[in-house]
1. Rank ALA53, ASN25, ILE39 by how far each Cα sits towards the positive end of the charge dipole of the chain (+1 on Lys, Arg Cβ; -1 on Asp, Glu Cβ) and give me just the farthest.
2. Skip the ligands, DNA and RNA, and give the accessible area per residue of the chain with a 1.4 Å probe, whole Å².
3. Using +1 on the beta carbon of Lys and Arg, -1 on that of Asp and Glu, and nothing else charged, what's the dipole of segment 21-65 about the Cα centre, debye to 20?
4. For the chain, find the longest principal axis of its Cα atoms and tell me its angle to the long axis of helix 31-44, 0 to 90°, nearest 10.
5. Sort the chain into rounded, prolate or oblate with this rule: let a ≥ b ≥ c be the square roots of the eigenvalues of the Cα gyration tensor; rounded if a/c is under 1.5, and if a/c is not under 1.5, prolate when a/b is larger than b/c, oblate otherwise.
6. Between ARG5 and SER32, what is the FRET efficiency for a Förster distance of 25 Å, r being their Cβ-Cβ separation, to the nearest 0.05?
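The values are calculated or read from the model by the stated rules, or taken from the named source; none is laboratory data. Remember, it's a predicted structure, so these values are computed and weren't measured experimentally. Virtual Cβ from ideal backbone geometry, glycine too; neighbours counted across all protein chains shown. Calculation scope for accessible area: heavy atoms of the full protein, side chains included, ligands and nucleic acids excluded. Shrake-Rupley method; radii C 1.70, N 1.55, O 1.52, S 1.80 Å.
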Amino acid sequence: MVLGRQMPPLVLTDDEVRQLRVIANSRSYPHSLVRRAQIVLACGAGENNTAIAKRMNLTGMIVGK
């Protein structure tokens, strides 16, 4: 049984993916921004919020934001 509302799939352009990868792999950007970019990339790849939260040791609420 699926809880919550179904979200439409996140579709990222090639340019957006490229920019997010630069941020996600950066060591100079703030950690919060790097983590957010990693979450968005995972969502764009079709991963669900629960799996992302578990893999990144985050809460589902953080990923859902």
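1. ALA53
2. It amounts to 83 Å² per residue over the chain.
3. Dipole about the Cα centre, nearest 20: 100 debye.
4. Between the helix axis and the principal axis of the chain, the angle is about 50 degrees.
5. oblate
6. Computed FRET efficiency for ARG5 and SER32 comes out at 0.45.
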